[in-house]
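One structure below.
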Ligand SMILES: C[S@@+](CC[C@H](N)C(=O)[O-])C[C@H]1O[C@@H](n2cnc3c(N)ncnc32)[C@H](O)[C@@H]1O
């Protein structure tokens, strides 16, 4: 699901790039005085969050970690040498020492972990006392219009698609993100919503990235036969029209402090 960096950028990276500034504003703040010395970007993908962190704060160092070697290779090419280390690794066992960073952030990652409780515990372990943890996930169950539209159409055409959709929403549902952070023993837990405006000039610009096999939606499309894929395309086209298509997609964010 996460093996082709260019395909990821076309499918989701173009939107995580837009999400990143608002997420950093919400979790770490906007002022130069808030500048963290070191931030871990957990599940960095192709590096869109790290790019934002390095551009925003000229003295900040980033440690970016992702299990996908292809994504790590792309992130390495993009991130400022000397101010970044990009590692292949898992959130389930972060390859860093305890209390080694000022902040650990995970953007669009927690819902892909085998156990988000372990991932958050690991983020807490590597963050110094008084440091900040932050996470964002798309609001699959509600306002993530791009994927809500996809999964509603997918479940209409192939009823078993609903199970994947439900699983993706689990970490964020019913205050789940705040609960995860509170249960991890973090303090000053706060959360909210971020909106990403999405513009697709044509229906093809919305549909074709789903054919690239990225993420659970791309995986679902790859698993369909030709007739099934065409039925899904036709259902989405009926719902969305030829374009241009304007949507607003919502992500949930949470931030908290590691107790001193
Ligand atoms: C939707 S992408 C988000 C990437 C990037 N943070 C962004 O916002 O563009 C999900 C990422 O989670 C990563 N991922 C999957 N399992 C993981 C794990 N066990 N530990 C860390 N990252 C993981 C994937 O490789 C992928 O890069």
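None of the figures in this text is laboratory data; all of them are computed from the coordinates on show. These numbers come from a predicted model, not from an experiment. Every residue, glycine as well, gets a Cβ built from its backbone with ideal geometry; the counts of neighbours run over all protein chains shown.
Structure data summary
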quantity: Length added when fully stretched, residue 85-residue 73, from 0.36 nm per residue minus Cα-Cα; calculated: 3.2 nm
quantity: Rounded FRET efficiency, nearest 0.05, which uses the C-beta distance separating residue 128 from residue 183 and R0 of 22 Å; calculated: 0.60
quantity: Estimated distance in nm for a label pair at residue 1 and residue 227, the labels positioned 7 Å out from Cα along Cα-to-Cβ; calculated: 2.8
quantity: Linear extension gain, residue 242 paired with residue 10, 0.36 nm per residue minus alpha-carbon span; calculated: 81.6 nm
quantity: Cα gyration tensor shape of the range 164-219, rounded if a/c is under 1.5, else prolate or oblate by comparing a/b with b/c; calculated: prolate
quantity: Relative counts (whole %) of C-alpha pair distances in the range 5-257, using bins that are 5 Å wide; calculated: 1, 6, 14, 18, 19, 16, 12, 7, 4, 2, 0, 0
quantity: CD proxy at 222 nm, helix term only [per DSSP H run n ≥ 4: -39500 (n - 2.57); per residue of the chain; nearest 500]; calculated: -12000 deg cm²/dmol
quantity: Inter-label distance, nm, simple model (7 Å from Cα along the C-beta direction), residue 234/residue 18; calculated: 3.0
quantity: Cβ-Cβ FRET estimate between residue 152 and residue 199, R0 fixed at 25 Å, reported to 0.05; calculated: 0.75
quantity: Tensor-based shape of the range 11-124 (alpha-carbon gyration tensor, a/c under 1.5 rounded, otherwise prolate or oblate); calculated: rounded
quantity: Ranked list, fewest to most other Cβ atoms within 10 Å of each Cβ, for 207, 151; calculated: 207, 151
